[in-house]
Every structure is written in structure tokens, then in C-alpha cells.
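Trainee: This is the structure I want to talk about, given as C-alpha cells.
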Amino acid sequence: MPLTTPRLKREHYTMQCMVEIYCHDHHGTGAAGPCEGCRTFLGYAEQRLEKCPYGENKPTCARCPIHCYKRAQREQAKAIMRYAGPRMTFRHPWLSLTHVLDKLRRVEHPMATRRRGQS
């Protein structure tokens with residue numbers, strides 16, 4: 001299932017930009033794009049987005065009650081976001097603004113939504 005909604009495409013593009021910033025500064029990659037390890041992580045992140053139970057209503061990772069990443073990839077994502085997040089403000093201000101607005105979304109666990117729909 002490809003990323004079909006604008007929200008998920010933007011989320012993936014935001015992650016891609018963060019990975020590029022991180023990889024360029026930590027692994028010395030240039031215009032060719034991220035290194036093999038970072039490309040592997042980005043592919044994993046895309047798979048997780050494709051399977052997200054929230055879909056279009058996906059919250060930011062920090063506010064999400066579901067831990068869909070494996071432990072190693074979650075730690076890698078944290079390192080990437082901690083480093084690239086502040087730098088995104090200058091390199092990609094629009095993505096940074098939309099990410100901040102996404103943090104304001106109310107989050108409800110998908111099972112609670114499903115239970116409410118069955119009642």
C-alpha cells in the first residue's frame with residue numbers, strides 16, 4: 001500500500017529531509033543523498049507509515065500512543081529527529097511549521113475509536 005494521502009506523503013517527505021540533514025552532517029554524504037544505512041532506515045520508516053492505523057489522522061511520533069518502530073530503529077529515529085529537528089526550521093520552514101501544527105492534533109488510540117464505533 002503506497003503512501004496515498006497528502007498527509008502521509010508530507011510526513012514521509014519531512015522524515016526524508018531530516019534523514020538527509022542528519023546523514024550529510026554525520027556521515028559526510030553530499031548531493032548523492034543519504035548513505036546506505038540511512039536509506040535503509042528511510043525505507044523502514046516508509047513501511048511503518050504505510051501501515052499506520054491512524055492513516056490521514058496520524059499524530060506526530062512523539063505524541064503517538066503506539067510504538068510501531070522496533071527498538072533499534074526507534075533509537076535511530078530519536079537521534080535523527082533530535083539533531084535535524086532544530087535545523088529544519090532554517091532549511092525547511094514550511095515543513096517545520098506544519099509539523100508543529102500536527103503536534104497540536106488530539107490523539108485517540110485506534111482501539112478506542114473502534115470500540116466507540118461498535119457501540
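Trainee: From the list G55, G117, G85, which residue is under 17 Å from K9 (Cβ atoms) and small (G, A, S)? Steps first, please.
Mentor: Numbers: G117 fails: under 17 Å from K9 (Cβ atoms); G85 fails: under 17 Å from K9 (Cβ atoms).
Answer to the check: G55.
Trainee: Exactly one condition in (1) in contact with an Asp or Glu (Cβ under 9 Å, 6 or more places away or on another chain); (2) in a helix (DSSP H, G or I); (3) surrounded by fewer than 17 Cβ atoms within 10 Å (Cβ to Cβ) is not met by P65; state its number.
Mentor: Every listed condition holds for P65 apart from (2).
Trainee: Show the residue pairs meeting these rules: Cβ distance below 6 Å; 6+ apart or different chains; first residue within segment 52-66 and in contact (Cβ under 8 Å) with a residue 24 or more places away in the chain; second residue among the polar types (S, T, N, Q) and loosely packed, with under 14 Cβ neighbours inside 10 Å.
Mentor: Every condition considered, the pairs that remain are E56/T5.
Trainee: Still on this structure, I have one more. What number of residues within segment 8-22 satisfy the criterion of being charged (D, E, K, R) and either in a loop (DSSP other than H, G, I, E, B) or surrounded by 17 or more Cβ atoms within 10 Å (Cβ to Cβ) (or both)? First the steps, then the outcome.
Mentor: So the first thing to find is which residues in segment 8-22 are charged (D, E, K, R), and the list is 9-11, 20.
Those left that are additionally either in a loop (DSSP other than H, G, I, E, B) or surrounded by 17 or more Cβ atoms within 10 Å (Cβ to Cβ) (or both): 11, 20.
Count: 2.
Trainee: Return the pairs, sorted by first residue and then second, in which the second residue is open to solvent by less than 70 Å² (accessible area, probe 1.4 Å) and part of a helix (DSSP H, G or I), the first residue lies in segment 80-100 and is free of Cβ contacts under 8 Å to residues at least 12 places away in the same chain, the beta carbons are less than 9 Å apart, and the residues are 6+ apart or on different chains.
Mentor: T89/S96; F90/S96; S96/T14; S96/G85; S96/M88
Trainee: Still on this structure, please answer the following. Here is a list: R82, R106. Which entry is more than 23 Å from F41 (Cα to Cα) and open to solvent by 60 Å² or more (accessible area, probe 1.4 Å)?
Mentor: On the way: R82 fails: more than 23 Å from F41 (Cα to Cα).
Being more than 23 Å from F41 (Cα to Cα) and open to solvent by 60 Å² or more (accessible area, probe 1.4 Å) holds for just one of R82, R106, which is R106.
Trainee: P34 is checked against (1) over 24 Å from P110 (Cα atoms); (2) part of a helix (DSSP H, G or I) and fails just one. What number does that condition carry?
Mentor: (2)
Trainee: Applying the selection to segment 23-60, what residues are in contact with a Cys (Cβ under 6 Å, 6 or more places away or on another chain) and open to solvent by 30 Å² or more (accessible area, probe 1.4 Å)? I'd like the intermediate steps shown before the answer.
Mentor: Of segment 23-60, the ones in contact with a Cys (Cβ under 6 Å, 6 or more places away or on another chain) are 23, 27, 29, 34-35, 38, 48, 58.
Of everything in segment 23-60, those that are in contact with a Cys (Cβ under 6 Å, 6 or more places away or on another chain) and open to solvent by 30 Å² or more (accessible area, probe 1.4 Å) turn out to be H27, C35, R48.
Trainee: If you don't mind, another one. Before we move on, is R74 within 24 Å of T5 (Cα to Cα), open to solvent by less than 70 Å² (accessible area, probe 1.4 Å), basic (K, R) and not in a loop (DSSP other than H, G, I, E, B)? It would help to see each step written out before you state the result.
Mentor: Details: within 24 Å of T5 (Cα to Cα): yes; open to solvent by less than 70 Å² (accessible area, probe 1.4 Å): yes; basic (K, R): yes; not in a loop (DSSP other than H, G, I, E, B): yes.
Yes.
Trainee: Do we have any residue at all in segment 81-101 that's closer than 20 Å to T5 by Cβ, hydroxyl-bearing (S, T, Y) and assigned to a loop (DSSP other than H, G, I, E, B)?
Mentor: no
The values are calculated or read from the model by the stated rules, or taken from the named source; none is laboratory data. No experiment lies behind these values; they were computed from the predicted model shown. Positions of Cβ are generated from backbone atoms using ideal geometry, with glycine treated the same way; all protein chains shown enter the neighbour counts. Each accessible area value is taken on the protein alone, full model and side chains, heavy atoms only, with ligands, DNA and RNA left out. Shrake-Rupley method; radii C 1.70, N 1.55, O 1.52, S 1.80 Å.
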